1. Please give me the summed charge of the neighbours of Cys34: other residues whose Cβ is under 12 Å from its Cβ, Lys and Arg +1, Asp and Glu -1.
2. Efficiency by 1/(1 + (r/R0)^6): what FRET value for Tyr20 and Cys90, r their Cβ-Cβ distance, R0 = 25 Å, to the nearest 0.05?
3. Students often check this: by mean Cβ neighbours within 10 Å, which of 46-53, 101-108, 122-129 ranks highest, and how do the rest follow?
4. Which percent of Cα-Cα pairs in the chain sits in each 10 Å bin, short to long?
5. So what is the 222 nm mean residue ellipticity for the chain from helices alone, if each DSSP H run of at least 4 adds -39500 (n - 2.57) and you divide by all residues, rounding to the nearest 500 deg cm²/dmol?
6. Can you list the residues, at least 5 places off or on another chain, whose amide H is less than 5 Å from the amide H of Cys87, using H built in the peptide plane?
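Please treat every number below as a calculation from the coordinates, not as lab data. Because the structure is a prediction, the values reported are computed rather than measured. When we count neighbours, we look across all protein chains shown, and the Cβ atoms used for this are built from the backbone with ideal geometry, even at glycine.
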Amino acid sequence: MQSVEKELFLKAVKAREHAYSPYSGFRVGAALLCEDGSIYTGCNIENAAYSPTNCAERTAFYKAVSEGKRKFKMIAIAGGRETLVMCTPCGVCRQVMAEFCDAETFQIVCGEDEEHLKIKCLKEFLPYAFQL
């Protein structure tokens with residue numbers, strides 16, 4: 001039986017197939033686990049103007065939030081050009097996570113493959129999050 005982290009990572013790898021990245025060639029997929037067990041996936045979607053580009057992590061969060069989800073446990077991220085590399089969330093995505101997640105308990109799963117995963121809590125990625 002696979003661990004939740006591995007299963008989520010493999011869903012992120014699958015979501016990566018839908019990435020639209022004609023400018024960077026860097027395809028990213030994400031799989032977001034909600035507290036109720038549902039999973040939302042996302043991919044990066046680039047734009048020629050760059051600023052409107054959306055990361056895979058935010059795509060997954062926005063899909064989930066737009067369907068009423070507000071409680072999240074974990075996100076897995078898979079990215080790279082030809083092969084997978086360790087891919088961590090950008091600062092904007094980290095801040096979006098801070099908006100909806102408990103920094104002490106929300107887990108971020110990253111890795112080059114499902115056998116070599118790094119799992120850290122959000123607070124380790126964003127120790128001084130902006131919060132009101």
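1. Numbers: positive: Lys63, Lys69, Arg70, Lys71, Lys73; negative: Glu35, Asp36, Glu67.
Within the 12 Å Cβ shell, the charges total +2.
2. On the way: r = 17 Å, r/R0 = 0.68.
So, using R0 = 25 Å, E works out to roughly 0.90.
3. Values: 46-53: 10.6, 101-108: 17.6, 122-129: 14.9.
Top of the packing list down: 101-108, 122-129, 46-53.
4. Taking every Cα pair in the chain, the percentages come to 14, 48, 33, 5, 0.
5. Values: 4 runs with 38 residues, N = 132.
Taken over the chain, the calculation gives -8500 deg cm²/dmol.
6. Counting only residues 5 or more places away or on other chains, the set is Gly79, Gly111.
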